[in-house]
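The values are calculated or read from the model by the stated rules, or taken from the named source; none is laboratory data. The model shown is predicted, which means the values in this text are computed figures rather than measured ones. When we count neighbours, we look across all protein chains shown, and the Cβ atoms used for this are built from the backbone with ideal geometry, even at glycine.
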Amino acid sequence: MTRKLPYSLGDVFAVPLRDRGYALGVVARADGKGIVLGYFFGPRLESVEIPPQACALEANSAIRVCRFGDLGLIRGKWPVVGRVESWTPAQWRVPDFCRNGEIRVVYDGDSLAVSSEERLDSRECLLLPKDGLEGAGFVEIKLTRLLGA
């Protein structure tokens, strides 16, 4: 029996920051087994009340993109607060990631499984988001740092 997930592609959710306030995230992909690709946005919001512009988010204005475990969403600690207007997955692509400063990792857009890896010049690799699977707490800490006090 598969249970219905409390989120779907295109959902906008609020991530509680460690000091105060929230950042917004968008579910760009999900493997259905607990791994999500998310785009994250500032500025820091003081409450979960969704500002009208939140549903007009665009991938190119994200401050962070990463793969993360969905426990924050499953447990309701990261509430879904809206949906991206006219959601289209093509506008929220799965970026290539960098592993160990020299490996480009490409993930399949549907399953989020690794589809290829290749060695890259370390300078090129630095331009890509870091590869890894992050826990909810780690995402909260990173976003708190990115959005400053």
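Computed values, structure above
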quantity: Given (1) farther than 15 Å from LYS77 by Cβ; (2) surrounded by 20 or more Cβ atoms within 10 Å (Cβ to Cβ); (3) β-branched (Val, Ile, Thr), index of the condition ILE50 fails; calculated: (2)
quantity: Residue within region 47-63 that is charged (D, E, K, R) and in contact (Cβ under 8 Å) with a residue 40 or more places away in the chain present; calculated: no
quantity: Matching entry among ARG64, ARG18 (being under 25 Å from CYS98 (Cβ atoms), of a type outside the set (A, V, I, L, M) and out of contact with any Pro (no Cβ under 7 Å at 6 or more places or on another chain)); calculated: ARG64
quantity: Entirely in region 26-93, the strands (runs of 3 or more DSSP E) that have 2 or more residues that are within 21 Å of VAL106 (Cβ to Cβ), within 13 Å of the chain's Cα centre (by Cα) and modelled with pLDDT of 95 or more; calculated: 35-45, 64-69
quantity: Complete set of residues in region 110-149 that are touching a Leu at 6+ places or on another chain (Cβ under 9 Å) and either among the polar types (S, T, N, Q) or outside any helix (DSSP H, G or I) (or both); calculated: LEU112, LEU120, LEU128, GLY135, THR144, LEU147
quantity: Condition check for VAL65: under 20 Å from LYS142 (Cα atoms) and of a type in the set (Val, Ile, Thr); calculated: yes
quantity: Where GLU140 falls short, out of the listed (1) among the acidic types (Asp, Glu); (2) at pLDDT 95 or above; (3) closer than 16 Å to ARG29 by Cα; calculated: (3)
quantity: Breaking point among (1) buried (at least 19 other Cβ atoms within 10 Å of the Cβ); (2) at pLDDT below 95; (3) touching a Ser or Thr at 6+ places or on another chain (Cβ under 7 Å), for TYR107; calculated: (2)
